[in-house]
Amino acid sequence: MTTNADDIDVTTLADRFTPGSVVVDPFVVEYFAAGDGDPLVVLHGAGGPEFSIALARLAQRFRVVLLQIPGFGDQVNDVHQSLEELADAIAHAVAAMGIERYHLLGTSFGGAVAACLAIAHPDRLLSLVLDAPALFRVDAVPPAPDSDPSELAARFRANPDREPRFSQPVPTANAQQWPFVEKLLSSRAEYDTGIAEKLQNCSVRTLVVFGDRDGIIPPSNGRIYRRIMPNCALIYLYGAAHAAQFDRPEAFSDVVGDFLERGWEFLIPHESTMINP
Amino acid sequence: MKVEIFTPVNYYGEAASAPDWPLPPRLFDQEDGVSSIARGFAQLEAAHRAGFDSLNLAEHHYSAAQMTPAPIIFAAALGERLPDAQIGVLGTDLPLHNPVNVAEQYAVLDNMLGGRLRFALLRGTPNEYLTYGTNPWESRERFEEGVELIVRCFTEPEPFGWEGKYYRFRNIALFPSAVQQPHPRITLSGNSVSSARLAGRLGCDLGISFMPPEVASATVAAYREAAEEAGWQPTPDNILFRQFVYVAETDAEAAADVALQNWPQGGGLSSSGNPEVAAVIGTAGAAMAGVPRGVKPDMSKAPAMVPGMGSWSGSPTTVHSKIQEAHDLVDFGRVEFIITGFVDAMSHEKVMRSIELMGETIVPALHADSPSATDSERNA
């Protein structure tokens, strides 16, 4: 399915999503929902929830529910000490929304959480999309509060002119969120053999997407998932960096939407190639 | 009768027994790869010495079963090694490719081989629709238009355009053209009545793969009927019958060799170890057979073409009589042997010994059986 992204006004992306919240003690988990169809729960990266053209396009096919992970926004998260604990809390939050089974899309840090959720609750997932996931980070160069802004932008975005443009991290938010992210991620080896073993037994249908110019997590990390997970596809998005949803939103939403809708049948095109009858 | 060999160019290495498709490239061992290619050449060269009438290759993808995803390259090299051998590429998975480029490649190859080329245009196996992003539901229509476009490329003396249903080229000129005029002999599949009729209508050869002879006789009848409607009369030489064949000195020895590595299936798969992917391959197969999208296929109507089924193995005498039985039902003038099996099904040494033994026994016996029409008779 290909729609013209120009239909989507980037200045009003947030308006497309309806805010809501659910209580998972001790947190009030906020979420932003748009669209109809099978639920697609979205876990954001370390920068917090972001509205993208890609998500707006996916909301034309699915009920997109973008969760704000506890520890982001105004809330400090001293409760969860591991990715697994956080993943469990998110699974509870989604269940509290009345969503029993859903597609799950996790970006970067959110991808690491999503993978843990898939390991713990495979029966709840229709399928899993890991967008530049940070679970395995072999040779990764994580962003730091003192990173040079232009260099950081280039590592996130290969197509910096594409709207919405890259937002530099907000120092006040960083002060709260990055230690939390670092605590959960840096406590794991860049290649965590324990979690790799668990993923070997995770048969959730999974798509791993990496921008081929990802400057944060080398896209070669994508091979790990493809190799060890029994039901996993790997796609490189050409001309995209770490924020692939923003660099190439049409391509991202096409391949992800196809995978969610058609599963492995996304390997064969179903659109007619007839020029004229 | 003519006797041809189809060598898939198996990969001989540890990965050959990996039960998966597509096979991950990390499993490819470079030394094994180079030696496997050398073995493929050795098998074909041995077959040439043994008197086989044509040395044939085919296109398949992402598998240890065949190291010829681009068989035209292999055919060109083989032609250099064996300057007097007839070479067949049987064939190209046409719906996966640009037909004009396919015609160009075969035209160049025919020039390189000095007119020793035959080729087949096929629709490929279902898994191959999961390679280049080809719509399997349109497979037949795309294929038929592609075949006609290729024939047009070879026969049109002036630059021309093609405004098809599936292909649009506004400027085509096949230069170089083929040495063999109007074009090398083209084989189309005879594994269904509709494809056999297409071959007859377009004046092409008919290739039957692995079908029970009693079933194949119906498609051959359809082929002959369509040819007659088109104003020509196929000879047995226009009909090729492909089967897995293994010969050893005695029936007992052949049976032991076959049992050892589960010949011809061997250890590899042309399907996926992931059941969800395997199901999609099944969907592609059903789509190729004309089952509409979203409709569950009726497997009782699946074509009776199962590779490995009905394969011929035994002593030369036993195999010869099996071929004669098939020939009595299907009046083919060319029989094509696949000796290796799929993958990891027979050692290279035993394949070489079988080829040598065939050259001493069954090849001359089949040559003496029912002389088939020559190319000149067919063209006349």
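The values are calculated or read from the model by the stated rules, or taken from the named source; none is laboratory data. Keep in mind that this is a model prediction, so the values were computed, not measured. Neighbour counts run over all protein chains shown; Cβ positions are idealised from the backbone, glycine included.
Worth pointing out:
- Matching residues in segment A:4-56 - criterion: being farther than 25 Å from A:V181 by Cβ and of a type in the set (S, T, N, Q): A:N4, A:T11, A:T12, A:T18
- Filtering segment A:73-90 to residues that are of a type in the set (G, A, S) and either closer than 21 Å to A:G37 by Cβ or touching a Phe, Trp or Tyr at 6+ places or on another chain (Cβ under 8 Å) (or both) leaves only A:A89.
- For segment B:115-163, filtering for residues that are more than 16 Å from B:E59 (Cβ to Cβ) and away from chain A (no Cβ under 12 Å) leaves 17.
- Residue in segment A:186-205 that is touching a residue at least 24 places away in the same chain (Cβ under 8 Å), more than 14 Å from chain B (Cβ to nearest Cβ), assigned to a helix (DSSP H, G or I) and acidic (D, E) present: no
- Condition met for A:F166 (surrounded by 19 or more Cβ atoms within 10 Å (Cβ to Cβ) and in contact with a strand residue (DSSP E or B) (Cβ under 9 Å, 6 or more places away or on another chain)): no
- Flag for B:G273 being at pLDDT below 95, away from every other protein chain (no Cβ under 14 Å) and assigned to a loop (DSSP other than H, G, I, E, B): no
- Look at (1) in contact with a Phe, Trp or Tyr (Cβ under 8 Å, 6 or more places away or on another chain); (2) in a helix (DSSP H, G or I) and you find that B:W263 fails only one, number (2).
- Of the residues making up segment A:93-112, those that are assigned to a helix (DSSP H, G or I) and more than 12 Å from A:P70 (Cα to Cα) are A:V94, A:A95, A:A96, A:F109, A:G111, A:A112.
- Of residues in segment A:252-277 being touching a strand residue (DSSP E or B) at 6+ places or on another chain (Cβ under 6 Å) and closer than 23 Å to A:D212 by Cβ, the one farthest from the other protein chains (Cβ to nearest Cβ): A:V256
So that you can scan it fast, the table gives a plain yes or no per residue for (1) at pLDDT below 95; (2) among the aliphatic types (A, V, I, L, M); (3) within 19 Å of the chain's Cα centre (by Cα):
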residue	(1), (2), (3)
A:V170	yes, yes, no
A:I195	no, yes, yes
A:C202	no, no, yes
A:R213	no, no, yes
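- Positions within segment A:126-154 being at pLDDT below 95 and not aliphatic (A, V, I, L, M), in sequence order: A:P142, A:P143, A:P145, A:D146, A:S147, A:D148, A:P149, A:S150, A:E151
- Flag for B:V147 being among the β-branched types (V, I, T), on the phi < 0 side of the Ramachandran plot and touching a strand residue (DSSP E or B) at 6+ places or on another chain (Cβ under 9 Å): yes
- Among the conditions (1) closer than 30 Å to B:K2 by Cβ; (2) surrounded by fewer than 16 Cβ atoms within 10 Å (Cβ to Cβ), B:V151 misses just one, which is (2).
- Single match in B:A173, B:A216, B:A222 (criterion: closer than 26 Å to B:I87 by Cα, surrounded by 17 or more Cβ atoms within 10 Å (Cβ to Cβ) and not β-branched (V, I, T)): B:A216
- Residue count for segment A:138-166 under the criterion of being among the small types (G, A, S), in contact with a helix residue (DSSP H, G or I) (Cβ under 9 Å, 6 or more places away or on another chain) and farther than 10 Å from A:A243 by Cα: the result is 3.
- Residue within segment B:258-269 that is at pLDDT below 85, more than 15 Å from A:E265 (Cα to Cα) and surrounded by 18 or more Cβ atoms within 10 Å (Cβ to Cβ) present: yes
- Of all residues in segment A:86-104, those satisfying the criterion of being over 18 Å from the mean Cα position of the chain (by Cα) and either on the phi < 0 side of the Ramachandran plot or crowded, with 19+ Cβ neighbours inside 10 Å (or both) are A:H92, A:A95, A:A96, A:M97, A:I99, A:E100.
- Pairing each residue of segment B:248-262 that is more than 22 Å from B:V363 (Cβ to Cβ) with any residue that is among the acidic types (D, E) and in a loop (DSSP other than H, G, I, E, B), provided the two are 6+ apart or on different chains, yields C-beta distances under 8 Å for B:Q261/B:D344.
- Residues within segment B:135-170 that are closer than 15 Å to B:A103 by Cβ and in a strand (DSSP E or B), tallied: 4
- The set of residues in segment A:221-251 that are over 20 Å from A:P122 (Cβ atoms) and either within 12 Å of chain B (Cβ to nearest Cβ) or surrounded by fewer than 22 Cβ atoms within 10 Å (Cβ to Cβ) (or both) comprises A:R223, A:I235, A:Y236, A:Y238, A:G239, A:E250, A:A251.
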